Each structure stands twice: as C-alpha cells, then as structure tokens.
Amino acid sequence: MNFSRILTILILLILFTPQNVKARSILDICYQAMSLLPLSQTIDSRTGLSPKNLEELRAVHEASLGHKSKVAIPKLFLNGKVYETILMLGEGGEGQVFLVKNNQRQFALKVFRDSEKFNENLKVAGQLRNLGTPMTLPIEVDHSRRSVLFPYVDGPSLDIILNPHLQHIAVSQETVAAVSDAFDEFKMKLKFYQALNPYGDELSNQNVVIDLANNRFIIVDSR
C-alpha cells in the first residue's frame, strides 16, 4: 500500500468521525489506519530481555510448577489418543488446563465446561491466527470432549511475574520493570491492528507467557 492510499484513509477517518465522539488524537487515528493495512508478517513479539532476566524468570517458573496441583486423573483422552497427566496448570470459569505428555512430548490440554465457551475460543483462535499474532494455536480439537490440545510453552505467565502475591520466588524490580516495558511495547504493536484484534484492550496478564527458549511473548489462551 503506497503513501497516497494511507493518507486517503487518514483523511476519511478524520472526516467521517461523528461529531458527538470525543476528539481523537492523531496517534489513535493512525492506529485505525494501520488496522486497515494488509498484514505482511507476524507481529514481532520478542521481549529483548537480558540473559540475566531470563535466568531469573526460569527459576520463578520452576518454583511455580513445583506448587501446581498434582492431578488424581492419571490419563486424559483426545480423539482416541491417550495422554498422561502431569500437572493441572490452571482452572477457571471456562474449564481446566492440564500439562500432559504423549510419547515424551509435552502439551497443554484444555477441557472446557460448556460448548459455548469451547466454540467461542476456537473462533477467536482463528481470528488471532489471521491477525498474525504469535500465540499457541490448537494442534488438535476433540469436539465430543470439548477439549483442545496446544503446544506447551515453557515459561512463566505475566501474572506470576508482575503479581508478588502469586510468586514463590520474589522477582527483582529490575526484571519486573524490564518485563513491564517489553509488554507495553508488545501491546502497542497489537493496538496497531486493533480493528482486527478480537481482544481489543482486554488482553490480560494471565493470557500471556514468556517463551523462555525463544525470548518472546506468546498468547496461550484465546480468552
């Protein structure tokens, strides 16, 4: 898309903004214009964290896993395949997420409580894939069990890093500041594509994990 077309979009956005809407900043108008541009590549989600930051986050992550609940259910099934359960990674209103393994490979398996949430999450996952957002997309879906299998991302979620009450090992202020700054930058990149982004401004800390192996942010859940 050339400069003249971008300029035309900006002018149209200014002219057709309703008068009863509060005045928008030039930056907000630019965000809207950018949302109309075709996506040429995946959004860059690299954190830029230092090796020292990552080493600290590794210790925090391992401490957190050590306090996760062991599960009484030894096995879970997905499309006839058997997965050995290791830990329960989380539980909420939508369902439960388990760390499982099959043939020595680890996955995250989410079991939804109802069909409505199950279908909604699959829809949003598809939208995020089209957006070019770096996220864990379903490997396999079992509609009969309302279950979805994802790649397991080895790393801590932002809510653990940024919330002292959830930490089993305290995170240094230096690392907290570095993660916060990097996440603000990542959210700014997402905002450029706000019109296409099903999250809007609702992306929460618990939905984002730092992939320690690749030093990048990953969205690990579609809501």
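List of remarks:
- Overall form of the range 119-191 per C-alpha gyration tensor (a/c, 1.5; a/b vs b/c): oblate
- Residue order, fewest to most beta carbons within 10 Å, for I139, I218: I139, I218
- The range 151-190: C-alpha gyration tensor shape, a/c 1.5 cut-off, then a/b vs b/c: oblate
- All aspartates and glutamates inside 13 Å of K52 as judged from Cα atoms, apart from same-chain residues fewer than 8 positions distant: E174
- Stretchable slack from L166 to N205, in nm (0.36 nm times residue separation minus alpha-carbon distance): 12.8 nm
- Here the Karplus relation 6.51 cos²θ - 1.76 cosθ + 1.60, evaluated at θ = phi - 60°, turns the backbone of the range 91-98 into coupling constants of 8, x, x, 7, x, 10, 10, 10 Hz, with x for every Gly and Pro.
- Links that overshoot a 19 Å alpha carbon limit, given the list K70/K123; K81/K110; K81/K101: K70/K123
- Segment L137..S69, full-extension length gain: 22.0 nm, with 0.36 nm per residue of separation and the alpha-carbon distance subtracted.
- Karplus 3J(HN,Hα) series, Hz, for the range 45-54 with 6.51 cos²θ - 1.76 cosθ + 1.60 (x for Gly, Pro): 10, 5, 7, x, 5, 6, x, 5, 4, 5
- If R0 equals 30 Å, the separation of the Cβ atoms of V176 and D114 corresponds to a calculated FRET efficiency of about 0.25.
- Orientation-averaged projection of the range 50-182 equals 9.3 nm² [convex hull of Cα atoms, one quarter of hull surface area].
Read-outs: derived from the displayed coordinates by stated rules, not from any lab. The structure displayed is predicted, hence computed values, not measured ones. Neighbour counts are summed over all protein chains in view; Cβ atoms, including those assigned to glycine, are modelled from backbone coordinates with ideal geometry.
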